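Let me begin by presenting the structure, written as structure tokens, before commenting on it.
What follows draws every value from the coordinates through simple rules; no lab data is involved. Because the structure is a prediction, the values reported are computed rather than measured. Cβ placement follows ideal geometry from the backbone for every residue including glycine, while neighbour counts extend to all protein chains displayed.
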Amino acid sequence: MGELQLGLVSIGVLVVAGVFVYNKWQERRYQRDAEAAFASRHADVLMRSNGGPGQAADSPGSARVEPALESFDGAQEGAPSSGQILSESLDFIIPIETPEEVSGAALLDAAGAALDRCPRSVHLEGFDEALSSWELLNPDRRYSKMRAGLQLVDRRGPADAEELATFGSAVEAAAGSLGALATMPDPAPALARARELDRFCGEVDIRIAVHVVTDAQPFPGAEVDIIARAAGFELDESEGKFRCRDDAGQVICVLANFEPIPFTVDSLETLSTHAVTLEMDVPRTPRGAFAHFRHAAQGFAQRLNGRIVDDNRQTVSPGAFEAIGVQLQAVHQSMEAHGIAPGGALALRLFS
């Protein structure tokens, strides 16, 4: 073999070796980037805290419920349309009494502007003498006994003394303008109750998340769309996610694109993705939701020809699902022991 041929062979070997090393470097870099993306976006494996006491969280089950003044025309999801909302355990309640009956509309007009400025959800109720029960204030009815309540705890944490004082002043002023008497109770017990309730909520405020990933070609958005809709998911374009609801209309779980592009009618026609994420907001979903969540994850993995992994990209085995199910039973039992039904009206208010 001549010197020229030997030189060409040597160069060829170096080129092949260089390509091999470059490909390995690219492969490792992609793996590091993917793992970093999973690690940075998600704190824990499978079961995640939603932030704990005093910290806001992005709830997959529903968008954040902003503070609002609620009356007969504006009951929150999961609550009776016109029945009692206020709870001694969750709300700071101020009774309002009048020597003569006052229309619900009058109190709403007097209190509306001031209470709308309260940083937390507020409800007004009137006492139905015929039924001997409280109801959301009906503008078209007249009452001699009413009450206003400010929600003490939500995912931002417990209410503080200043919030209660501001709320109390607004209610007293509104009642006084109608010739009614609002008697603000001592806020100390309510503040202590709020702190304790917030501590408990932090213990059970958990999300479960798994990812369906591909080791080969990315998932076409159009295929994800077809499979999601066949599984009973509906696209929420405002959030860029699919939501699955139970027969009562309550969100059970959410399907999102792991990559930055949100799911919309237009984007699903053109995008492709290496992973989709399925999430369940534990306290906001009723018992039995986890079985549906697990079935949905397995169905997506099978039809997309992907793998179910956790936040660390470790395969989630049937045994791991079983272990999570056991932990959820304990969470549900703890909630029920505190008078909070998983996915019930009180839970939807607390974990908002």
### Task
Answer rounded, prolate or oblate for the stretch 224-352, using the Cα gyration tensor with square roots of eigenvalues a ≥ b ≥ c: rounded when a/c is under 1.5, else prolate when a/b is larger than b/c, else oblate.
oblate
### Task
Could you list which residues have their amide H under 5 Å from that of Cys253, counting only those 5 or more apart in sequence or on another chain, with H placed in the peptide plane?
Cys244
### Query
Does the stretch 179-233 come out rounded, prolate or oblate by the C-alpha gyration tensor, with a ≥ b ≥ c the root eigenvalues, rounded set by a/c under 1.5 and, if not, prolate when a/b is larger than b/c and oblate if not?
prolate
### Query
Among Leu268, Gly249, Leu235, whose Cα lies farthest out toward the positive end of the dipole of the stretch 222-269, if unit charges sit on the beta carbon of Lys, Arg (+1) and Asp, Glu (-1)?
Gly249
### Query
Rounded, prolate or oblate: which fits the stretch 241-289, taking a ≥ b ≥ c as square roots of the Cα gyration tensor eigenvalues, rounded meaning a/c under 1.5, else prolate when a/b beats b/c?
prolate
### Message
Which one, Ile324, Pro342, Val309, is farthest towards the positive end of the dipole of the stretch 302-352 when Lys and Arg carry +1 and Asp and Glu -1 on their Cβ?
### Response
Val309
### Query
Taking the Cα centre of the stretch 183-234 as the origin, how large is its charge dipole in debye, to the nearest 20, when only Lys and Arg (+1) and Asp and Glu (-1) carry charge on their Cβ atoms?
160
#### Entry: Normalised contact order of the stretch 122-198, rounded percent, pairs of Cα under 8 Å and 6 or more residues apart
26
### Task
Quick one: which residues, 5 or more positions from Phe258 or on another chain, have an amide H under 5 Å from its amide H? H modelled 1.01 Å from N in the peptide plane, none for Pro or chain starts.
Ala275, Val276, Thr277
### Check: the stretch 229-343 dipole with +1 on Lys, Arg Cβ and -1 on Asp, Glu Cβ, in debye
340
### Message
I'd like to compare 128-140, 203-215, 165-177: which one has the highest average count of other Cβ atoms within 10 Å, and what's the full order after that?
### Response
203-215, 165-177, 128-140
## Note on the structure
Given 332-338, 308-314, 143-149, the highest-first ranking by average Cβ count within 10 Å works out to 143-149, 308-314, 332-338
### Message
In the stretch 103-153, if the dipole is taken from +1 on Lys/Arg beta carbons and -1 on Asp/Glu beta carbons about the Cα centre, which of Ala114, Ser144, Ala130 is farthest to the positive end?
### Response
Ala114
#### Entry: Over the stretch 243-352, relative contact order from alpha-carbon pairs under 8 Å, at least 6 apart, %
24
### Query
For the stretch 82-213, what is the relative contact order in percent, using Cα pairs closer than 8 Å and at least 6 residues apart in sequence?
33
